[in-house]
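Report on the following structure.
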Amino acid sequence: QVQLVESGGGLVQPGGSLRLSCAASGSIFGIDKMGWYRQAPGKQRELVAQILSGGITNYAESVKGRFTISGDKAKKTVSLQMNSLKPEDTAVYYCTIGTWSNMYWGRGTQVTVSS
């Protein structure tokens, strides 16, 4: 059974940084994408950052230049370095690992940006 566990969330002041990490257990064959989504209260879940096979990365416009995603398919880990955090970054962040046939999700970690 595949499980993804996120860590690194918490409370941070505006302008601060956090690093989210995610590790998967269980067998996952043919990973072709790894990413992070977030969901703020009252809003739809949105893609924050994604890394595809070949190292291609995609970012939401709102986080470009501030967030950096990295992943290791062999280790089944994915991280998100978040700098210059803003109150609007407050949300539950979910990591994902995808193959051609499945998308696995973590349970989420809360990130709160507030003074």
Mean shadow area (nm²) of the C-alpha convex hull around the chain is 6.8
Checking rank on 10-20, 80-90, 28-38, with mean other Cβ inside 10 Å and highest first, the result is 28-38, 80-90, 10-20
Heavy-atom accessible area per residue of the chain, all protein chains kept, 1.4 Å probe, expressed in Å², is 54
For the stretch 4-49, the percent of all C-alpha pairs falling in each 10 Å bin, from 0 up to the bin holding the max distance, is 18, 45, 29, 7
The relative contact order of the chain, taking Cα pairs under 8 Å that sit 6 or more residues apart, comes to a percentage of 37
The equivalent-ellipsoid semi-axes of the stretch 23-86, taken as the square roots of five times the Cα gyration tensor eigenvalues and listed largest first in whole Å, are 22, 14, 11
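The values are calculated or read from the model by the stated rules, or taken from the named source; none is laboratory data. As the structure is a prediction and not an experimental result, all values here were calculated from the model. Every residue, glycine among them, receives a Cβ derived from its backbone with ideal geometry; neighbour counts consider all protein chains shown. For the accessible areas, the whole protein counts, side chains as well, though only heavy atoms, and no ligand, DNA or RNA atoms are used. Shrake-Rupley method; radii C 1.70, N 1.55, O 1.52, S 1.80 Å.
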